[in-house]
Amino acid sequence: MARKQSMLTFCFVLMLVSLAQTQAFSEGFPASQLQPQGYHQMYGVTQGSLRPQECAPRCTTRCSKTAYKKPCMFFCQKCCAKCLCVPPGTFGNKQVCPCYNNWKTKRGGPKCP
């Protein structure tokens, strides 16, 4: 009988601990604690890390120094919609987003600015 009671007590304590952990996790931690170091640096740069509505501001930054803003924005947004990433900076750095880097025109030139 004593063994059954101690087993029930153990199960009850275990359930309480599990419930406490579940509540602590569901209340949430600051985003900085949940994401690995360096995540913010790669957000929007690695393939699939952007949401479609985030493409326009990223492309505005990407095309900010070109003399051909309209075509740059058009193709940047088209590439971002497909790849869900935009390389950092105003030029180059395409190696961080393979989809963006490897999408070519019919002539074999780069499609994405």
Notebook entry, point to check: Quick one: residue 28 ticks every box in (1) over 15 Å from the mean Cα position of the chain (by Cα); (2) modelled with pLDDT of 60 or more; (3) on the phi > 0 side of the Ramachandran plot bar one, so which box is it?
Noted result: (2)
Next item on the list: Considering each residue of the range 75-113, count those that are among the hydroxyl-bearing types (Ser, Thr, Tyr) and surrounded by 15 or more Cβ atoms within 10 Å (Cβ to Cβ), and give that number.
Entry: 1
Check: In the range 61-74, what residues are surrounded by fewer than 20 Cβ atoms within 10 Å (Cβ to Cβ) and touching a helix residue (DSSP H, G or I) at 6+ places or on another chain (Cβ under 7 Å)?
Finding: 66, 73
Check: Name the pairs: first residue in the range 80-95 and of a type in the set (D, E, K, R), second residue at pLDDT 90 or above and surrounded by 13 or more Cβ atoms within 10 Å (Cβ to Cβ), Cβ to Cβ under 6 Å, at least 6 apart or on different chains?
Finding: 94/87
Check: Is one or more of the residues making up the range 103-111 in contact (Cβ under 8 Å) with a residue 12 or more places away in the chain and of a type in the set (Gly, Ala, Ser)?
Finding: no
Notebook entry, point to check: Only one residue in 71, 36, 57, 87 is in a loop (DSSP other than H, G, I, E, B) and modelled with pLDDT of 90 or more. Which one?
Noted result: 87
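The values are calculated or read from the model by the stated rules, or taken from the named source; none is laboratory data. Here the structure is a predicted model, which is why all the values come from computation and not from measurement. Virtual Cβ from ideal backbone geometry, glycine too; neighbours counted across all protein chains shown.
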